[in-house]
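Undergrad: Okay, here's the structure, questions in a sec.
The values are calculated or read from the model by the stated rules, or taken from the named source; none is laboratory data. Keep in mind that what you see is a predicted model, and the values were worked out from it rather than measured. Neighbour counts are summed over all protein chains in view; Cβ atoms, including those assigned to glycine, are modelled from backbone coordinates with ideal geometry. These accessible areas exclude ligands, DNA and RNA; they are computed on the full protein's heavy atoms, side chains included. Shrake-Rupley method; radii C 1.70, N 1.55, O 1.52, S 1.80 Å.
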2 protein chains.
Amino acid sequence: MTKSKDKIVLIGAGNVATHLGKAFVDNGFQILQVYSRTEDSAKQLAEKLQADFTTDLERINREADLYVFSVKDAELTDVLENLPELNGLFVHTAGSVPMSVFADYHAHYGVIYPLQTFSKIKEVDFRMIPLFIEANSLEDESRLRVIASELSDSVTVLSSEKRKYLHLAAVFACNFVNHLYYQASQILESQDLSRDLLFPLILETADKVKTLHPLEAQTGPAVRYDTNVIEKHLQMLENAPEQQEIYRLLSDSIFESTKKN
Amino acid sequence: MTKSKDKIVLIGAGNVATHLGKAFVDNGFQILQVYSRTEDSAKQLAEKLQADFTTDLERINREADLYVFSVKDAELTDVLENLPELNGLFVHTAGSVPMSVFADYHAHYGVIYPLQTFSKIKEVDFRMIPLFIEANSLEDESRLRVIASELSDSVTVLSSEKRKYLHLAAVFACNFVNHLYYQASQILESQDLSRDLLFPLILETADKVKTLHPLEAQTGPAVRYDTNVIEKHLQMLENAPEQQEIYRLLSDSIFESTKKN
């Protein structure tokens, strides 16, 4: 008979908790309870995961093997201050918060950081998401590795120090990239052109990183130092000073990176 | 018997000429000749396309139905000044150059602008690339539409004025995005972490634009206005002033776009 899987409480009901919770359930784990400060959020996610919910830290279920904290970084210590005595393993899911945040509050703790962007209404294949784990003892690290490996094919032990750089890189490669998609959409919408026109270009640009280093993959006016086109583009952005500043800074930076290499 | 397909001369042997030339050949067109100022480039592409080559504008083949100009924007008028008398249809492939660049030189002209990023060593599925066409007469527009439709499933007539905005949007969505991939790679490489770790995140971020508007798809510290994380990240970039400036500008811009909407 196989050992039954860990029972889990989710602290937080945002995008990360939603996708992680679903991955747990899909892989046979039981979510006992979802906690959120907001009743609607707690209830909604709990229903999806066939779990109980609470908005009261005093009522957190004490039977769980694993407590997964997916709350805003600033909220985490607040939650920890107000938790009752619990026995399970504590993990958070944040890129920029060191594991040591738990040290003053609990004996067994660690991190499961999924390197992915989650939106509630967009499905993702969780098995493809790289999970970065860390724990304060080798024993708990092994436990976490077993748990994480049930969810994803890519599990790596990574220190808090390295993880924070990984998170910083992710902000560039995901959040900032998405903001450039937004700027591009704005430009097209201003001309009554559909942003759909850009999809093949966006996908190919992303796909290229798998075969080419971004330095080799670069194309366009800045890498050619085509000042003629660059000046025309800056003029077109005369009435959009924010986009103009982004255009200037990134073009200069592309040019500098080409020179350096 | 079907009419035989147009015979083509390629003026230029860069990334666009390479991929477009290959698409022509794959679809049964004959490339008569490749011109480039650089003999190596002309020869290399000509061999690939089983065409002749020349570096001498005087020796441009006069039998072609279609002359495709894929040279740097600044070089185009130079080339046009020095061409012998020719009969075929002239088209260029540039985003930012108005069709009227041909007006002083030729009677039949237009544009085929492929909205894609091309690197010589990376294959692309040309049928998926949106082609934007324009011509100085309805008759030539029809001819171009027939030709372009042989190469791609997506052919749209677009004016020079709109095309230049499409090109500007493409610089944001492709060249600037790729530069952020580069910055992210730099951050990872500085920590001896592989840039491969980011692939699933990069692909999902790109994939999201198909189902979510980038404004809804946004995640991360800036959209949450998580000043705690933002300050930490800016500190981590103390010794990389260029990345720090990009970080600050894009985070502010994300925050502004959230407020506005």
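Undergrad: Length gain on complete extension for the stretch B:Ile121 to B:Asp252, per 0.36 nm per residue less the alpha carbon to alpha carbon distance?
TA: Using 0.36 nm per residue and subtracting the Cα-Cα distance, I get 43.5 nm.
Undergrad: Right, something else. In the structure displayed, which of A:Lys259/B:Lys122; A:Lys5/B:Lys232; A:Lys162/B:Lys210; A:Lys22/A:Lys162; A:Lys120/A:Lys208 lie more than 30 Å apart, Cα to Cα?
TA: Going by Cα-Cα distance, A:Lys5/B:Lys232; A:Lys162/B:Lys210 fall outside the 30 Å limit.
Undergrad: By how many degrees, 0 to 90 and rounded to 10, does the Cα axis of helix A:199-208 deviate from the longest principal axis of chain A?
TA: Around 70 degrees separate the two axes.
Undergrad: Just to be sure I understand the interface: list residues from the range B:51-73 that lose 20 Å² or more of accessible area between the chain on its own and the complete protein assembly, 1.4 Å probe.
TA: Relative to the lone chain, where solvent access is computed with a 1.4 Å probe, the range B:51-73 loses at least 20 Å² at B:Lys72, B:Asp73.
Undergrad: Per residue, how many Å² of accessible area does the protein assembly as shown show with a 1.4 Å probe?
TA: Roughly 44 Å² per residue, with all protein chains present.
Undergrad: What total accessible area, in Å², is buried where chains A and B meet, using a 1.4 Å probe and rounding to the nearest 100?
TA: Summed over both sides, the interface buries about 9200 Å².
Undergrad: If every alpha-carbon in the protein assembly as shown counts as one equal scatterer, what log10 I(q)/I(0) does Debye give at q = 0.06, 0.07, 0.09, 0.11 1/Å?
TA: Log-scaled intensity ratios, in q order: -0.36, -0.47, -0.71, -0.93.
Undergrad: Placing the label point 7 Å from Cα along the Cα-to-Cβ direction, what are the distances from B:Val157 to the equivalent spots in the other copies, shortest first, in nm to one decimal?
TA: Shortest to longest, the spacings are 6.6 nm.
Undergrad: Can you give me the % of accessible surface on chain B that is carbon or sulfur? Probe 1.4 Å, all protein chains present, nothing else counted.
TA: 45 percent
Undergrad: Residues of the range B:233-255 losing 40 Å² or more of accessible area relative to the isolated chain, 1.4 Å probe, heavy atoms only?
TA: Residues of the range B:233-255 that lose at least 40 Å² of accessible area once the other chains are added: B:His233, B:Met236, B:Glu242, B:Ile246, B:Tyr247, B:Leu249, B:Leu250, B:Ser253, B:Ile254.
Undergrad: Tell me which of A:Gly220, A:Ala74, A:Val9 sits at the most positive position along the dipole axis of chain A, charges placed on C-beta atoms (Lys, Arg +1; Asp, Glu -1).
TA: Result: A:Gly220.
Undergrad: Mind checking which of B:Lys208, B:Lys72, B:Lys164 has the largest fluctuation in a GNM of chain B, springs on alpha carbons under 10 Å?
TA: B:Lys208
Undergrad: Also, quick follow-up: If you scale each eigenvalue of the Cα gyration tensor by 5 and take the root, what three semi-axes come out for chain A, rounded to whole angstrom and sorted largest first?
TA: 42, 20, 17
Undergrad: Return the FRET efficiency for the residue pair A:Glu161, A:Met128: r is the Cβ-Cβ distance, R0 is 41 Å, and the value is rounded to the nearest 0.05.
TA: Working from the Cβ atoms, E equals 0.95.
Undergrad: Let me ask something additional. Please report the antiparallel percentage of DSSP beta bridges with both residues in the range B:59-160, rounded to the nearest 5.
TA: 35 percent
Undergrad: Along each principal axis of its Cα atoms, how long is the range A:137-238 end to end? Whole angstroms, biggest number first, please.
TA: For the range A:137-238, the Cα extents along the three principal axes come out at 61, 29, 26 Å.
Undergrad: Can you say what percent of the DSSP beta bridges in the protein assembly as shown, counting only those with both residues inside, are antiparallel? Round to 5.
TA: Counting only bridges with both partners in the protein assembly as shown, antiparallel ones make up about 20 percent.
Undergrad: Let me ask something else about it. Between the helical axis of B:241-260 and the dominant principal axis of chain B, each derived from Cα atoms, what acute angle in degrees is found, rounded to the nearest 10?
TA: It works out to around 90 degrees.
Undergrad: I would also like to ask the following. Mind putting a number on the dipole of chain B about its Cα centre? Charges go on the C-beta only, +1 for Lys and Arg and -1 for Asp and Glu, and I need it in Debye to the nearest 20.
TA: 560 debye
Undergrad: Determine the residues within the range B:142-172 where the difference in accessible area between the chain on its own and the full set of protein chains amounts to at least 50 Å²; count protein heavy atoms only and use a 1.4 Å probe.
TA: Those are B:Lys162, B:Tyr165, B:Leu168, B:Ala169, B:Phe172, which lose 50 Å² or more relative to the chain on its own.
Undergrad: Going by the rotation axis that takes chain B to chain A, pick out the residue of B with the closest C-beta and quote the gap in whole Å.
TA: Residue with the nearest Cβ, plus whole-Å distance, for chain B: B:Ala206, 2.
Undergrad: About the Cα centre of the protein assembly as shown, what is the dipole size in debye to 20, counting +1 per Lys and Arg Cβ and -1 per Asp and Glu Cβ, all else neutral?
TA: It works out to roughly 700 debye.
Undergrad: Helix A:138-151: angle to the longest alpha-carbon principal axis of chain A, degrees 0 to 90, nearest 10?
TA: Result, in degrees: 60.
Undergrad: What base-10 log of the normalised intensity I(q)/I(0) is obtained for the range B:11-154 from the Debye formula, alpha carbons as equal point scatterers, at q = 0.09, 0.18, 0.21 Å⁻¹?
TA: The calculated log intensity ratios at q = 0.09, 0.18, 0.21 Å⁻¹ are -0.24, -1.07, -1.54.
Undergrad: Given label points at 7 Å from Cα along Cα→Cβ, what nm distances, shortest first, separate A:Asp78 from the same residue in every other copy?
TA: 6.3
Undergrad: Pick out, from A:Leu201, A:Ala23, B:Leu86, the residue whose Cα sits farthest towards the positive end of the charge dipole of the protein assembly as shown, with +1 on the Cβ of Lys and Arg and -1 on the Cβ of Asp and Glu.
TA: A:Ala23
Undergrad: Once the label point is set 7 Å along the Cα-to-beta-carbon vector, what list of distances in nm do you get between B:Glu245 and its counterparts in the other copies?
TA: 1.2
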